Amino acid sequence: MFFNHLQKVPPDPIFGLSDAFKEDSCPEKVDLSVGIYKTPSLKTPVLHCVEIAAKQILKHEKVGNYLPFDGDTQFVEEVKSLVFGDSFTRERVYGAQSLGGTGGLSILGEFISREIGKTIYVPDPTWANHVPIFQKAGLTTLTYPYYSHDKMGVHFEKTYAFLSNLPEKSIILLHACCHNPTGSDLNKEEWKLLSKLFKRKNFLPLFDLAYLGLGLGLDEDTYSIRLFSEVLSELLVVTTFSKNFSLYRERIGAVFAVTNGKRERDLVGGKIKRLIRVTYSNPPSYGAAIVKEILQNNELKEQWIEELGNIRIRLTNLRNQFVDLLKSENGLHNYQFLKEHKGMFSFCNLGKDQVRMLIDRFSIYMPDNGRINISGLNDQNIDYVIKAILHVSKL
Ligand code: LMR
């Protein structure tokens, strides 16, 4: 017998909830769990720019062979501009196509663990998949303080003090924008202070840029990465187009290493290409072709920027509506902090027991850290969700 010793795997802390939601027969059920953007009719859209790009690709796609290990070069160049800006010295940057954000994090995690160091510090809290991805890559994960439930936002003094005491050359995961799960980001002054600390301590940052364009805008959301790229000579970045192009099922993203110069860039590139070769060999082409088609065509790019802007507006409007309704339902509760959050998620300061009750009694689904996907709200369910949250908050 080879398999009988296997232990049952517990459900995924985020996707496991989708299965439970599907099976729930409650007519009022609400899904605020997985980080997928939804329209007011709670559908995940195919963007118009993506539809047009897909038709154009079909017309001129005539090649059927493998992509290189690190993917479509033109796609990677376009994404490089998006992330680092047009003026950044490209000679210093190595880039590769990745299988979404998770695929990129896995490859960079393995690169770090084989070549750089064995420990990575992640914010407390962080995306539920960060720790297992890094552990599978052979890294030990330790946390640094980030969010304070009392402050209902980032406790920057604590973050800074903790990081100041870490050994030189530590490797540290940073969320570039739209922090997942809290929605609480650092401000520009805090990023500046952190960049100086990272330089002084010779830290290596790994930026996770999963929500580019969903926070404040394309340039604003890359502020931290662009700043650190000016201040430091080396850093790593992972990005994905699942959220901002609504290309969840294409698994398209990219990884970048900013290096000291051409020599190091090629050395890092050699290692990453080797890792890709022995992991999945060559990436799929369709998602990269779509993103490239849009970014290389001014009209389509403008359309994408507009559609992304509309996503951002809907998220902001929902936050405002949510806070205002909470206030009018119960003036004692001050949820003003939710308006400050960025991106798809917010913490509503709910404990595990309260989340359990929201799921069991109200069929409102969210991970047990109390993170809500704002876009899962609409005019039909928002009152119900607010009443339920206020009910469980009185526990
Ligand atoms: C999330 O945080 O819900 C998303 O990034 C989806 C995922 O892969 O967990």
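Can you pull out the residues in the stretch 86-104 that are touching a Gly at 6+ places or on another chain (Cβ under 9 Å) and crowded, with 17+ Cβ neighbours inside 10 Å?
R92, Y94, G95, A96, Q97, S98, L99, G100, G101, T102, G103, G104
Scan the stretch 226-256 for residues that are buried (at least 22 other Cβ atoms within 10 Å of the Cβ), within 17 Å of G95 (Cα to Cα) and not hydrophobic (A, V, I, L, M, F, W, C) and jot them down.
Listed by number, the residues that qualify are S229, T239, T240, G253.
Pick out the one residue from G376, G370, G287 that is at pLDDT 90 or above, in contact with a strand residue (DSSP E or B) (Cβ under 9 Å, 6 or more places away or on another chain), under 30 Å from H60 (Cα atoms) and within 16 Å of the ligand (Cβ to nearest atom). Before you say what the answer is, go through the steps one by one.
Values: G376 fails: under 30 Å from H60 (Cα atoms); G370 fails: under 30 Å from H60 (Cα atoms).
Step by step, each of G376, G370, G287 is checked, and only G287 is at pLDDT 90 or above, in contact with a strand residue (DSSP E or B) (Cβ under 9 Å, 6 or more places away or on another chain), under 30 Å from H60 (Cα atoms) and within 16 Å of the ligand (Cβ to nearest atom).
Which of the residues spanning the stretch 291-309 are within 21 Å of the chain's Cα centre (by Cα) and of a type outside the set (A, V, I, L, M, F, W, C)?
Residues satisfying the conditions are K292, E306, E307, G309.
Cβ-Cβ below 9 Å, separation at least six or inter-chain, first residue in the stretch 146-169 and on the phi > 0 side of the Ramachandran plot, second among the small types (G, A, S) and surrounded by fewer than 17 Cβ atoms within 10 Å (Cβ to Cβ): which pairs?
Filtered contacts from the stretch 146-169: K169/G117.
For V122, which of the numbered conditions (1) within 16 Å of the ligand (Cβ to nearest atom); (2) among the aliphatic types (A, V, I, L, M); (3) more than 28 Å from F337 (Cβ to Cβ) fails to hold?
(3)
Could you list, in sequence order, all residues of the stretch 62-97 that are within 29 Å of N310 (Cβ to Cβ) and among the acidic types (D, E)?
The answer is D72, E77, E78, D86.
For a quick check of your reading of the model, give me the residue pairs whose first member lies in the stretch 1-23 and is under 19 Å from S363 (Cβ atoms), whose second is within 15 Å of the ligand (Cβ to nearest atom) and among the aromatic types (F, W, Y), with beta-carbon atoms closer than 6 Å and at least 6 apart or on different chains.
L17/Y365; F21/Y365
Do we find a residue being outside any helix (DSSP H, G or I), among the polar types (S, T, N, Q) and more than 16 Å from the ligand (Cβ to nearest atom) anywhere in the stretch 344-353?
As a first pass, look at the stretch 344-353 and keep what is outside any helix (DSSP H, G or I): 344-351.
Add one more test, that the residue is among the polar types (S, T, N, Q), and what stays is 346, 349.
Right, trim to more than 16 Å from the ligand (Cβ to nearest atom) and you get 349.
Yes, the stretch 344-353 contains a residue that is outside any helix (DSSP H, G or I), among the polar types (S, T, N, Q) and more than 16 Å from the ligand (Cβ to nearest atom).
Give just the number: which of (1) surrounded by fewer than 18 Cβ atoms within 10 Å (Cβ to Cβ); (2) more than 21 Å from L17 (Cβ to Cβ); (3) not aliphatic (A, V, I, L, M) does D368 not satisfy?
D368 satisfies all of (1) surrounded by fewer than 18 Cβ atoms within 10 Å (Cβ to Cβ); (2) more than 21 Å from L17 (Cβ to Cβ); (3) not aliphatic (A, V, I, L, M) except (2).
Identify, from the list R274, R251, the residue that is outside any helix (DSSP H, G or I) and not hydrophobic (A, V, I, L, M, F, W, C).
On the way: R274 fails: outside any helix (DSSP H, G or I).
Within the list R274, R251, the selection yields R251.
Between residues in the stretch 182-195 that are closer than 13 Å to K342 by Cβ and residues that are of a type in the set (S, T, N, Q) and surrounded by 24 or more Cβ atoms within 10 Å (Cβ to Cβ), which pairs lie under 6 Å by C-beta distance while being six or more apart or on different chains?
Between residues of the stretch 182-195 that are closer than 13 Å to K342 by Cβ and residues that are of a type in the set (S, T, N, Q) and surrounded by 24 or more Cβ atoms within 10 Å (Cβ to Cβ), the close pairs are G183/S346.
Residues to consider are L32, L42, L17, L67; find the one that is closer than 22 Å to S285 by Cβ and of a type in the set (A, V, I, L, M). Before the answer, list the steps.
Details: L32 fails: closer than 22 Å to S285 by Cβ; L42 fails: closer than 22 Å to S285 by Cβ; L17 fails: closer than 22 Å to S285 by Cβ.
One residue alone meets the criteria, L67.
Taking A128, is it within 25 Å of F337 (Cβ to Cβ), in contact (Cβ under 8 Å) with a residue 40 or more places away in the chain, within 16 Å of the ligand (Cβ to nearest atom) and surrounded by fewer than 20 Cβ atoms within 10 Å (Cβ to Cβ)? Break it down into steps so the answer makes sense when it comes.
Numbers: within 25 Å of F337 (Cβ to Cβ): yes; in contact (Cβ under 8 Å) with a residue 40 or more places away in the chain: yes; within 16 Å of the ligand (Cβ to nearest atom): yes; surrounded by fewer than 20 Cβ atoms within 10 Å (Cβ to Cβ): yes.
Judged against the criteria, A128 is a match.
Against the conditions (1) more than 19 Å from the chain's Cα centre (by Cα); (2) modelled with pLDDT of 95 or more; (3) charged (D, E, K, R), where does K394 fall short? Just the number, please.
(2)
For the stretch 354-365, name all the residues that are surrounded by 21 or more Cβ atoms within 10 Å (Cβ to Cβ), more than 15 Å from the ligand (Cβ to nearest atom) and within 21 Å of P40 (Cα to Cα).
Passing the criteria: only I364.
Within the stretch 164-198, track down each residue that is of a type in the set (D, E), exposed (fewer than 11 other Cβ atoms within 10 Å of the Cβ) and either farther than 17 Å from E234 by Cβ or within 16 Å of the ligand (Cβ to nearest atom) (or both).
As a first pass, look at the stretch 164-198 and keep what is of a type in the set (D, E): 168, 185, 189-190.
Now narrow it down to the ones that are exposed (fewer than 11 other Cβ atoms within 10 Å of the Cβ): 168, 189.
Result: E189, single match.
Do you know which of the residues in the stretch 40-54 that are surrounded by fewer than 14 Cβ atoms within 10 Å (Cβ to Cβ), more than 20 Å from the chain's Cα centre (by Cα) and touching a residue at least 40 places away in the same chain (Cβ under 8 Å) is farthest from N378 (Cα to Cα)?
Only one residue fits best here, namely H48.
The values are calculated or read from the model by the stated rules, or taken from the named source; none is laboratory data. Everything numeric in this text was worked out from a predicted model, so none of it was measured. No Cβ is skipped: glycine too gets one built from the backbone with ideal geometry, and neighbour counts run over all protein chains shown.
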